[in-house]
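Undergrad: Pasting a structure below so you can have a look.
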Amino acid sequence: MAATDELAFHEFEEATNLLAETPNAATTSQSDALTSREHVAVVMESGIGYRAEEMEEEGDRTSLLQEEKPQPRFWTFDYYQSFFDVDTSQVLDRIKGSLLPHPGHNFVWHHLRNRPDLYGPFWICATLAFVLAVTGNLTLVLAQRRDPSIHYSPQFHKVTVAGVTIYCYAWLVPLALWGFLRWRQGTREHMGLYTFLETVCVYGYSLFVFIPTVVLWLIPVEWLQWLFGALALALSSAGLVFTLWPVVREDTRLVAIALLSVVVLLHALLALGCKLYFFQPLPPEHVVPGPQATPLSPSVMLPTSARSMTTF
């Protein structure tokens, strides 16, 4: 214990002598450290401030260039390029939203979010037209395998019919609907309105449910085909009604009900027309007629004795 105290005393004495020789050593080191820290802090703050100012200037320059850049015309490809700028997750989310409609769920507000795209509707319409034509031909092929008397020849014209029908419906009906709502907006002050591309997008995604339904129509059971068609029509029409209702409810009750009825009726006519045209029963010219019995002449049917009597 005494040795420890003596060692501590010697260390304290050496420290006292050192402090006496250089009284400003510790103070200088502490002040230098503080000065260096303050300098680093000032440099960092100045650097951050300069970078923030630089980023702000760059943002202002970018916005100014965007304002000065002329907007592309609607007949050019650059105008429609932004409507195809969508990733896979957004397209899948919009397809899921079209398959699961429910009251209070607006497809435009919850899925489009002021960013309609043409990528999804374009490929949905193309896929539906292709699947309709292929399954319509496969129906005849399967029927021929069940009944060899049926004569099948490829019907390539169904591809053209399906494409023209689907694309005309997906563009002309939204155009007419948008024009009517725009006209009604002039008569009703508080009535909202979707853009034309939003209306096209809603109709395009609403047709997706018919793609798996058309594939299921290959099942050769008539009542099951009509059941699948009714379910698909109910889901697709419900999505359209739930999306259009927040817009048309500001109009008169008669106009709102009439407009939604027309929308559902046109949708039903499309589904019914596809079912009856592409999956219709086989026409008579595709069935090979069986051998017909040729009627015998009266002279052949009469016995020999009767023919001899007629000669007299």
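Undergrad: Please sort 207-215, 100-108 by packing, taking for each peptide the average over its residues of neighbouring beta carbons within 10 angstrom, highest first. Intermediate values should be presented prior to the final figure.
TA: On the way: 207-215: 20.8, 100-108: 14.3.
Ranking, from highest mean packing down: 207-215, 100-108.
Undergrad: So how far apart, in nm, are the two label points at Ala230 and Ala126 if each is 7 Å from Cα heading toward Cβ?
TA: Spacing of the two 7 Å Cα→Cβ label points: 3.6 nm.
Undergrad: Let me ask you something else. Write down the accessible area per residue of region 169-278 in Å², having rolled a 1.4 Å probe over the full set of protein chains.
TA: I get 49 Å² per residue for this part.
Undergrad: So if we plug the beta-carbon distance of Cys168 and Ser82 into 1/(1 + (r/R0)^6) with R0 = 35 Å, what FRET efficiency do we get, rounded to 0.05?
TA: 0.90
Undergrad: By average Cβ neighbour count within 10 Å, what is the ranking of 232-240, 262-270 from highest down? Walk me through the numbers before you get to the answer.
TA: Working: 232-240: 20.4, 262-270: 15.9.
Answer by packing, highest mean first, reads 232-240, 262-270.
Undergrad: Which net charge results when you count Lys and Arg as +1 and Asp and Glu as -1 among the other residues whose beta-carbon is under 13 Å from that of Arg113?
TA: Summing Lys and Arg as +1 and Asp and Glu as -1 gives -1.
Undergrad: I would also like to ask the following. Taking the solvent-accessible surface of protein heavy atoms with a 1.4 Å probe, what is the per residue accessible area of region 102-159 in Å²?
TA: Computed with neighbouring chains in place, this is 56 Å² per residue.
Undergrad: Return a whole-number percent for the relative contact order of region 94-249, with Cα pairs under 8 Å and 6 or more residues apart as the contact set.
TA: Normalised by residue count, the contact order of region 94-249 is 40 percent.
The values are calculated or read from the model by the stated rules, or taken from the named source; none is laboratory data. The model shown is predicted, which means the values in this text are computed figures rather than measured ones. FYI the Cβ positions are ideal-geometry reconstructions off the backbone, even for glycines, and counts take in every protein chain you see. Remember, those area values only see protein heavy atoms, side chains included, never the ligands or the DNA or RNA. Shrake-Rupley method; radii C 1.70, N 1.55, O 1.52, S 1.80 Å.
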